[in-house]
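Reviewing the structure listed below.
Any read-out appearing in this document is the output of simple, stated calculations on the displayed coordinates, not a laboratory observation. All of these numbers come straight from a predicted model, not from anything done at the bench. Neighbour counts run over all protein chains shown; Cβ positions are idealised from the backbone, glycine included.
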Amino acid sequence: MKRVTLIDYGLSNLLSVQRAFEHFGAKVEIARSPAAVLGAQALVLPGVGAFRDGMAGLEQLGLTVPIRQKAAAGTPLLGICLGMQMLFDESEEFGRWQGLGLIPGRVVKLPERNAAGGLQRVPQVGWNGLLPPQGKTDFADSLLRAVRPGGEVYFVHSYEAKPARPQDRLAEVLYGGRRVCAAARSGSVTGCQFHPEKSGEVGLSIIRQFLEDGEG
């Protein structure tokens, strides 16, 4: 893959993501129009902030339908942080809001109490180790296949995605004694709740894999 298109809808720290892809020699383009999305070889949907604002930004630019069309056509798509959450059907953040519907499931607030009943910090901020979903021992056949279980990545989030299908759970972390979905996948669409562009060598290995899987 030589060309990656970052979707800009006004709630993204594009520069750090752009630099991470350019580290591996990718040509990075910025998409703010339906035509730019439809012409993409591979799409990255980054984002920080509230779900409703992110979806509103996509809709105002007319990008929701083109993104769905590209996903249906099998174009590689990587959602990061808020970008991952918007891949799901809906979110309960500040009400009930429809997402892109590319991965079945919904987004809910992290519990304010841990599994033992004590208060826990929300948002989750900092490093946490990636674990394979229950029943698996590694991240084979995914963008995370170069990551060893326990490899740490960087999180900043108050809401968590809950895939409707167990097979769509790609990676998890333990937070407050509970398993929280850290990455999910459906077809050519992958979401990372963490920030690979801020996660050192582990994060860079995921970005490299996204590029290599899209070559040809």
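Observations on the model:
- In plain terms, the chain from residue 41 to residue 14 could stretch by 7.9 nm, reckoned as 0.36 nm per residue minus the Cα-Cα distance.
- The structure shown yields percent of Cα pairs over 29 Å apart, and of the options [x] 18; [y] 36; [z] 42 that calculated value carries the label [x].
- Scalar couplings 3J(HN,Hα) for region 113-120, obtained by applying the Karplus form with A = 6.51, B = -1.76, C = 1.60 to θ = phi - 60°, are 10, 7, 5, 8, x, x, 5, 10 Hz; x denotes Gly and Pro.
- Additional length obtainable on full extension of the chain from residue 121 to residue 59, 0.36 nm per residue less Cα span: 19.1 nm
- Net charge of neighbours whose Cβ lies under 14 Å from the Cβ of residue 144, counting Lys and Arg as +1 and Asp and Glu as -1: -2
- Only lysine pairs 8 or more places apart, or on different chains, with alpha-carbon atoms under 28 angstrom apart are counted in the chain, and they number 13.
- For region 3-213: relative contact order, % (alpha-carbon pairs under 8 angstrom, 6 or more apart): 19
- Taking 0.36 nm per residue of separation and subtracting the Cα-Cα distance, full extension of the segment from residue 24 to residue 158 would add 45.1 nm.
- Förster-model FRET efficiency, 22 Å R0, residue 33 and residue 3, C-beta, rounded to 0.05: 0.85
- Considering only 80, 103, 15, and ranking their Cα positions along the charge dipole of the chain that arises from unit charges at the beta-carbon of Lys, Arg, Asp and Glu, the one farthest toward the positive end is 103.
- Surrounding net charge for residue 39, when Lys and Arg each add one and Asp and Glu each subtract one, Cβ distance under 10 Å: +1
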